[in-house]
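The values are calculated or read from the model by the stated rules, or taken from the named source; none is laboratory data. Remember, predicted model here, so these are calculated numbers, not experimental data. In this analysis, Cβ positions are derived from the backbone assuming ideal geometry, glycine residues included, and neighbour counts consider all displayed protein chains.
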Amino acid sequence: MNKFTSQPVKPAILVVDDTPENIDVLRGILGADYTIKIANSGQLALKVATTQPPDLILLDIMMPGIDGYEVCRQLKTNALTQAIPVIFITAKAETADEVQGLALGAADYLNKPVIPAIVKARVQTQLALRQARRELEEKNLILRDEKELLEDIVTRMRSASPFDPRKVRHIQSSLERTAGDIVLCAYRPDGAQHVLVGDFSGHGLTAAFGGPLVSYIFYRLSAEGCAMRDILEEINRILCRQLPTQLYMAAGALELSPDRKQAMAWNCGLPPVLCLSAAHGVNRISSSSLPLGISESIDTFEPHTQAVMESDMHIYLYSDGITEAMSVGQELYGQARLEALVARIHREHLPLEAIWQELDAFCGGQGLSDDAVMVEIAH
């Protein structure tokens with residue numbers, strides 16, 4: 001709206017034609033509804049479009065100097081003018097001419113002599129489409145800003161997590177700033193250690209929302225001296241009640257006794273937990289429970305495995321983003337390769353980052369297709 005007249009501002013149309021009679025015809029058809037700008041050459045059209053961008057351009061093809069095809073090409077390669085819809089209005093009526101015009105980025109193609117009703121309809125359609133695109137771009141900008149704000153909030157909440165790194169190593173890879181995979185570690189007041197790896201359904205911001213909630217429950221109850229089974233039961237209850245049904249968390253959990261001689265493990269939907277020792281090789285703890293957040297009717301969260309911790313034993317919890325890494329030839333990395341690599345890391349005391357190096361080579365440098373995390377717990 002014009003602030004002085006309170007009248008709607010008319011969309012501006014640039015008519016480009018070297019024949020005055022053709023300009024007069026289009027001005028007569030459109031002048032009542034639109035502000036008409038005139039250019040009688042390709043050079044002038046490019047100058048006007050750059051300095052005073054119109055909402056739409058009606059463009060003749062056959063002009064001296066720069067023809068309409070070249071004008072359109074330059075308009076579409078200039079960031080200032082590429083979004084302006086162009087409608088060719090020309091006496092060149094061959095199919096090949098129309099194909100060439102549309103290939104250059106024109107929105108429409110009309111033949112002379114023009115039919116007023118058709119010109120009006122095509123102009124209205126292109127202006128409506130441009131307005132819709134502008135509104136969509138504005139909404140996308142708002143959504144992008146809101147997404148960045150939410151990512152900042154989630155990231156800050158996670159960075160405040162009181163992760164206790166004693167006796168653990170972990171690595172994590174995220175497709176976005178906020179990951180759907182989490183790794184948590186804390187000690188109870190009596191010295192028992194709790195470790196939790198979680199993999200939320202999906203990835204990105206939606207999946208990441210559950211992380212701070214789970215983290216808060218885990219660290220609060222660990223500090224209060226609760227057993228891991230009680231923590232898992234509370235996490236399951238809260239996720240069932242607070243998150244939508246399609247958002248749940250596969251989880252692997254570990255509780256080590258204060259003297260680190262006994263380990264209790266849970267696997268709720270993750271790949272097999274791996275226990276490695278020189279005496280017994282690899283012991284796998286497969287999933288034997290639903291992921292957390294699916295059902296409140298689970299009767300008990302008693303440990304799925306209880307084991308004696310040997311002096312050289314290491315336990316590995318990880319998400320399926322590792323085993324489901326894909327090669328260029330669409331082959332999964334798989335469980336067997338991972339177990340062989342973990343055994344070598346354990347045997348040769350390699351850094352966990354060796355996993356990323358091998359996966360990068362396996363994927364041909366294309367990266368992972370999902371969030372991934374691994375944690376190693378030592379005796």
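Structure notes:
- Subset of segment 293-322 that is touching a strand residue (DSSP E or B) at 6+ places or on another chain (Cβ under 8 Å) and among the charged types (D, E, K, R) - its residue that is modelled with the highest pLDDT: ASP320
- The set of residues in segment 68-86 that are of a type in the set (A, V, I, L, M) and over 36 Å from the mean Cα position of the chain (by Cα) contains only VAL71.
- Test: residue in segment 85-104 that is touching a residue at least 12 places away in the same chain (Cβ under 8 Å), among the basic types (Lys, Arg) and not in a loop (DSSP other than H, G, I, E, B): no
- Being exposed (fewer than 15 other Cβ atoms within 10 Å of the Cβ), part of a strand (DSSP E or B) and modelled with pLDDT under 95 is not true of GLN357.
- The residues in segment 79-95 that are over 20 Å from LEU129 (Cβ atoms) and either at pLDDT 95 or above or buried (at least 17 other Cβ atoms within 10 Å of the Cβ) (or both) can be counted, and the count is 2.
- For segment 221-249, filtering for residues that are surrounded by fewer than 23 Cβ atoms within 10 Å (Cβ to Cβ) and touching a Cys at 6+ places or on another chain (Cβ under 9 Å) leaves 1.
- Residue in segment 323-337 that is out of contact with any strand residue (DSSP E or B) (no Cβ under 7 Å at 6 or more places or on another chain), among the aromatic types (Phe, Trp, Tyr) and assigned to a loop (DSSP other than H, G, I, E, B) present: yes
- Unique residue being touching a residue at least 24 places away in the same chain (Cβ under 8 Å), under 15 Å from PRO113 (Cα atoms) and within 46 Å of the chain's Cα centre (by Cα) when the list is ILE29, ILE13, ILE57, ILE61: ILE61
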